[in-house]
Amino acid sequence: MSESNRLRIAIQKSGRLSEESMKLLRSCGVKFNINEQRLIAHSDNLPIDLLRVRDDDIPGLVMDSVVDLGIIGENVLEEEQIERERLDKPSRCIKLRGLDFGTCRLSLAVPNEFSYENAQSLEGLRIATSYPNLLRRYMKKKGITYTDCMLKGSVEVAPRAGLADGICDLVSTGATLEANGLYETEVIYRSSACIIQSTQTQTPEKQALIDKILSRINGVVRAKE
Ligand code: PRP
Ligand code: ZN
Ligand code: MG
């Protein structure tokens, strides 16, 4: 891969963080146009390239210094950090600051007909999730044994499909749970978006650009408070 002297920023291609991530960068004076077919968008006024990828891939891209910055949910970041710890792989990234969007919670939920008392009600059951590490950490703390069913998407249909007894998934408005006959029983992690940087930043020019963007972000967030 050729070394680029342009700053690379990874953002979610499509999902809850996409619009706000682009809005934030634009309000910091980064001009760019998105071509839906393209993975990369070049800024017209600054030496910045935007990489539009799946949110789950962003922490790894930053930690492996494929990109310099990433805008991501804290839940996805933490999930990847625990995974790397487990694999003895370094997590080379720092959180620059929290952002004021992408607020959600990672929760346990069960079918409406399930009589749930407390987390112990899940003892020995199967739980579908895209966040096996955050779920494991929580269940370990509670001393509950369970089986997991790893699903990258459509977690909410798992109980109805007979794949699991309950789920552990992100909840924002609660509409997805309701539409699937599930109810939330425990919040295991609260999250919002954040901006992260690879600890292997490269040139002083890139670092200066990161500092400039960060100070603009601070200004934008402060102005909204
Ligand atoms: C989460 C979660 C649900 C939805 C819940 O998906 O997996 O599908 O949001 O939101 P609601 O409570 O407002 O209905 P996310 O947006 O993270 O997309 P992804 O799973 O494709 O990454
Ligand atoms: Zn995702
Ligand atoms: Mg989803």
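The values are calculated or read from the model by the stated rules, or taken from the named source; none is laboratory data. Fair warning: this is a prediction, and the values are worked out from it, not measured in the lab. Cβ atoms come from the backbone with ideal geometry, glycine included; neighbour counts cover every protein chain shown.
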For Thr176, which of the numbered conditions (1) closer than 18 Å to Cys104 by Cα; (2) part of a loop (DSSP other than H, G, I, E, B); (3) among the polar types (S, T, N, Q) fails to hold? (2)
Checking the condition hydrophobic (A, V, I, L, M, F, W, C), part of a strand (DSSP E or B) and surrounded by 13 or more Cβ atoms within 10 Å (Cβ to Cβ), which residue from Leu209, Leu170 passes? Leu170
When the range 158-173 is examined, which residues are found to be of a type outside the set (A, V, I, L, M) and within 13 Å of ligand 3 (Cβ to nearest atom)? Cys168, Asp169, Ser172, Thr173
Residue among Leu151, Leu108, Leu134, Leu177 that is closer than 26 Å to Ser65 by Cβ and hydrophobic (A, V, I, L, M, F, W, C): Leu134
Filtering the range 189-225 down to residues that are in contact with a helix residue (DSSP H, G or I) (Cβ under 9 Å, 6 or more places away or on another chain) and either farther than 19 Å from Gly98 by Cα or basic (Lys, Arg) (or both) yields Arg190, Thr201, Arg216
Matching entry among Leu135, Leu69 (being under 18 Å from the mean Cα position of the chain (by Cα), over 17 Å from Leu170 (Cβ atoms) and in contact (Cβ under 8 Å) with a residue 40 or more places away in the chain): Leu69
Can you find, within the range 42-54, the residue that is nearest to Pro204 (Cα to Cα) among those that are in a strand (DSSP E or B) and touching a helix residue (DSSP H, G or I) at 6+ places or on another chain (Cβ under 9 Å)? Ile48
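Let's see how each residue does on (1) in contact with a Leu (Cβ under 9 Å, 6 or more places away or on another chain); (2) over 20 Å from Glu83 (Cα atoms):
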| position | (1), (2) |
| --- | --- |
| Asn133 | no, no |
| Met139 | yes, no |
| Thr145 | no, no |
| Asp148 | yes, no |
| Leu151 | yes, no |
| Asp165 | yes, yes |
Report yes if some residue within the range 19-42 is touching a Gly at 6+ places or on another chain (Cβ under 9 Å), over 23 Å from Arg222 (Cβ atoms) and assigned by TED's automatic domain parsing to the domain that holds Val67; otherwise report no. no
If you take the residues in the range 133-157 that are within 16 Å of ligand 3 (Cβ to nearest atom) and surrounded by 14 or more Cβ atoms within 10 Å (Cβ to Cβ), which one is nearest to Ala193 (Cα to Cα)? Leu134
If we scan the range 190-207, do we find a residue that is over 21 Å from Ile58 (Cα atoms) and within 16 Å of ligand 1 (Cβ to nearest atom)? no
Return only the number of the condition from (1) of a type outside the set (A, V, I, L, M); (2) surrounded by 16 or more Cβ atoms within 10 Å (Cβ to Cβ); (3) in a strand (DSSP E or B) that Lys95 does not satisfy. (2)
The condition from (1) of a type in the set (A, V, I, L, M); (2) away from ligand 1 (no atom under 16 Å from the Cβ); (3) out of contact with any Lys or Arg (no Cβ under 9 Å at 6 or more places or on another chain); (4) under 23 Å from Arg137 (Cα atoms) that Ile72 misses is numbered (2)
